[in-house]
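Input: a single structure, listed below in structure tokens.
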Amino acid sequence: MLVSALLTSVGINSGLCVLFFTLYSILRKQPSNYEVYVPRLLAKGSSNRRRRFNLEMLIPSAGWVSRAWKHSEEDLLESSGLDAVVFMRVITFSLKVFLFAGIIGIFVILPVNAGGTEIYEIDFADLPNNSLDVFTISNVNRGSHRLWVHFGAVYLVTIFVCYLLYSEYKYICVKRMDYFYSSKPQPHQFTVLVRSIPVSAGSTIGDTVENFFKEFHPTTYLSHTVIHQTSNLCRLMDYAKKLYGRLIHLQSDSNQEKNQQRKVDLVDHYGKRLENIEENSRLERSEVSMARHELQAAFVSFKSRYGAAIAFHMQQSTNPTDWLLEQAPEPNDVYWPFFSASFMRRWISKIVVVVACILLTILFLIPVLVVQGLTNLNQLEIWFPFLKSILTIKFVSQVVTGYLPNLILLVFLKIVPPVMEFLSSIQGYISHSDIQKSACNKVLWFMIWNIFFATVFSGSVLYQLNIVLDPKNIPSRLGVAVPAQASFFIAYVVTSGWTGISSELFQIFPLICSLISKPFTKSKDDDFEVPAIHYHSELPRILLFGLLGITYFFLAPLILPFLLIYLCLAYIIYRNQ
């Protein structure tokens, strides 16, 4: 890739970022978009939908940047929890690492690379038409003593990263302990979930659980609750919560005073429906309490957290598939579908999910290989000879080789996190947080393989399999292939990083869904939940850019300024979110 193609990509993505920022600063002021852009303030009652129109609502402003910047870490902890604090610490950690690496890379390594003549000597008079390869380690003469500079830089940055990892780990541990001690003891901390309970003939699940834990944990066992099949009851309770929220909103709505009779009628209507739900719930509870609705699972509570921890870390039976214990999730984090699943069903589910992830990874090689073909003009002219005249136009060739490949890859990557979250949801987990963790790991490994390794070894599928099957040659092949893809990954950081993080601010898909559903639904501030950050999609992306930065800071240090801009954007935007 030429320097001019990179500059074109930078210009296009900078324009998109400015456009997204401008649209966001205008759209967030519109009361009809509060559910998309300021849902937390709306839920707290800090923002009022019913504002009179004024010209200021159509003028973009950067006030949200200063508001996001000024809040302390304690404010973030109070409003969004410890997960948000740790997520932001990942970004600040990356900023520290690449700021230090950037100083060494730009002011020390980059001049060394540009001063080499292995590929060709750099032409400063015609800089835009120089290849980006002249700024990589590939341009350093083979066997040159200048390579000791890269060697020393790697060790220096490694020592700095290890020190930062130690200090960050220590800081987060202290924060976690402070958060733990400052909160009141919660029931789930004293409770474990027991599954695959073996029940003998003539005995109930409740009696079996009680006898077992009284025998083996007599001093710490407190009580137990057998889990029942309550899907109908849950639906009734959810419906009752919605009706109750509407009733409270209606009673507190001052705008309904003009139509008092309609308000009274609606209050009576909601009240009668709640009474019917209460009666149906009472009947459903009596039905559920019967033994035939019991599942082979129970929550067992202990007198102390220590007792719960001891039971959780012990194997309870000589048969490893019986009396399986897990830490109980928080009440609002429970995922019910797999509570009644047997050990064999969960095991088969995990195997199916692993196979599905492998197939998805192999199938995704198709768009990756297409993208790699777009970065090579000669290859494109062979594939599509009728485009040869168009590709000779300078601007078109720069867009096709510098911007289009990464845009296609970005679009395909959008479908990966939802697919991985679905696969994790059928893997046998009992809490939404476990599903998120599993999806996060899947997305991370998927991106490392398909974005990094598949791009580096950009050949056929059989070629990539041959590399894996011949592990002795992997280091030598990486040594040749990784520097060769430096220009692609620099463009990838600009396109996927800058545009991706700006689209997180713009929230284009939630905005479209809101605009489509608005004519068919009545907007009620108490009917929606504040959406959370999708950590399973955002964290792997930041970690992937961290991998690219660590890999290329000495091979192609030109990537570091673009990576630092991405991290600065991420810091402001995610604090705002």
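Worth pointing out:
- Too-long pairs where the Cα-Cα distance tops 32 Å, listed order kept, from K96/K442; K96/K437; K272/K437; K184/K442: K272/K437; K184/K442
- Projected label points at Q229 and L478, each 7 Å from Cα along the beta carbon direction, are separated by 5.2 nanometres.
- Peptides 148-154, 415-421, 439-445 ordered by average Cβ neighbours within 10 Å, highest first: 439-445, 415-421, 148-154
- Note on M314 and I448: with the Förster distance fixed at 41 Å, the Cβ-Cβ geometry gives a FRET efficiency of about 0.70.
- Ranked by the mean number of other Cβ atoms within 10 Å of their residues, highest first, the peptides 156-162, 100-106 fall in the order 100-106, 156-162.
- Using the 1.4 Å probe convention, the accessible area of the range 58-109 works out to 52 Å² per residue with neighbouring protein chains retained.
- Net charge contributed by nearby residues that have their C-beta within less than 9 Å of Y574 (K/R +1, D/E -1): -1
- Net length gained if the chain between F180 and L19 were fully extended (0.36 nm per residue, minus Cα distance): 53.7 nm
- I227 long-range amide H proximity, modeled H, under 5 Å: L295, A297, A298, F299
The values are calculated or read from the model by the stated rules, or taken from the named source; none is laboratory data. Quick caveat: nothing in here was measured; it's all calculated off a predicted structure. No Cβ is skipped: glycine too gets one built from the backbone with ideal geometry, and neighbour counts run over all protein chains shown. To get the accessible areas, we keep the full protein, side chains included, count just its heavy atoms, and leave off ligands, DNA and RNA. Shrake-Rupley method; radii C 1.70, N 1.55, O 1.52, S 1.80 Å.
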